[in-house]
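Peer 1: After the structure tokens below, expect a handful of questions from me.
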Amino acid sequence: MSVMIDKDTKVIVQGITGKAAMFHTQQMLDYGTKIVAGVTPGKAGQEVHGVPVFNTVADAVKATGATASVIYVPARFAADSILEAVDAELDLVVCITEHIPVLDMVKVRRYMQGKKTRLVGPNCPGLLTSQ
């Protein structure tokens, strides 16, 4: 079995200023996840639990060297959030969001063909790697 994440993986939280993302970001930080940035359009310069917020995934990756993202955005924004992470050439995207329209995910699947990014989800409870 391959390990998708480890203690050194630098993670971005997309939608970090939302209620669910704020809660789970704190849980991930407490567990030892290396959360290096959050992304919420229009909220650059803020911090959530000491994590800097950027407007775009590309900005967050450039500033932090992140290689993975976890997505906590409403269903209507989830497909575009996945595509943004793919365009930023992240290695791994974990999409927690549920109820994403099927045709949105068909578009995502087609777009991801031939790209390096791996997608776990949507409607995923997350990942856990034991030590």
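Peer 1: List the residue pairs whose Cβ atoms are under 8 Å apart, where the first residue sits in the stretch 15-31 and is at pLDDT 95 or above, the second is crowded, with 16+ Cβ neighbours inside 10 Å and in a helix (DSSP H, G or I), and the two are 6 or more positions apart or on different chains.
Peer 2: Listed pairs, sorted by first residue: 15/21; 15/77; 15/81; 16/22; 16/25.
Peer 1: Then there's this: Go through the stretch 92-131 and count every residue that is free of Cβ contacts under 8 Å to residues at least 24 places away in the same chain and hydroxyl-bearing (Ser, Thr, Tyr).
Peer 2: Of the residues in that region, 1 qualify.
Peer 1: Has the stretch 30-44 got at least one residue that is assigned to a helix (DSSP H, G or I), in contact with a strand residue (DSSP E or B) (Cβ under 8 Å, 6 or more places away or on another chain) and over 21 Å from residue 119 (Cβ atoms)?
Peer 2: No: the stretch 30-44 contains no residue that is assigned to a helix (DSSP H, G or I), in contact with a strand residue (DSSP E or B) (Cβ under 8 Å, 6 or more places away or on another chain) and over 21 Å from residue 119 (Cβ atoms).
Peer 1: What are the pairs, 6+ residues apart or on separate chains, where a residue within the stretch 77-88 that is at pLDDT 95 or above has its Cβ under 7 Å from a residue that is of a type in the set (Phe, Trp, Tyr)?
Peer 2: 83/111; 86/111
Peer 1: Can I ask one more? For the stretch 1-28, give me each residue that is surrounded by 16 or more Cβ atoms within 10 Å (Cβ to Cβ) and either in a loop (DSSP other than H, G, I, E, B) or over 14 Å from the mean Cα position of the chain (by Cα) (or both).
Peer 2: 5, 9, 15, 16, 17, 18
Conditions (1) in a helix (DSSP H, G or I); (2) out of contact with any strand residue (DSSP E or B) (no Cβ under 9 Å at 6 or more places or on another chain), marked per residue:
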| position | (1), (2) |
| --- | --- |
| 63 | yes, no |
| 73 | no, no |
| 78 | yes, no |
| 98 | no, yes |
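Peer 1: Also, I was wondering about something else. If residue 93 satisfies all but one of (1) part of a loop (DSSP other than H, G, I, E, B); (2) modelled with pLDDT of 95 or more; (3) under 16 Å from residue 13 (Cβ atoms), what's the number of the condition it fails?
Peer 2: Every condition holds for residue 93 apart from (1).
Peer 1: Check 42, 50 and return the single one that is closer than 24 Å to residue 104 by Cβ, at pLDDT 95 or above and out of contact with any Pro (no Cβ under 6 Å at 6 or more places or on another chain).
Peer 2: 42
Peer 1: State whether one or more residues within the stretch 49-61 are outside any loop (DSSP other than H, G, I, E, B), over 13 Å from the mean Cα position of the chain (by Cα) and free of Cβ contacts under 8 Å to residues at least 12 places away in the same chain.
Peer 2: No, the stretch 49-61 contains no residue that is outside any loop (DSSP other than H, G, I, E, B), over 13 Å from the mean Cα position of the chain (by Cα) and free of Cβ contacts under 8 Å to residues at least 12 places away in the same chain.
The values are calculated or read from the model by the stated rules, or taken from the named source; none is laboratory data. On a predicted model such as this, the values are computed, not experimentally measured, just so you know. We place every Cβ from the backbone using ideal geometry, glycine too, and count neighbours over all the protein chains shown.
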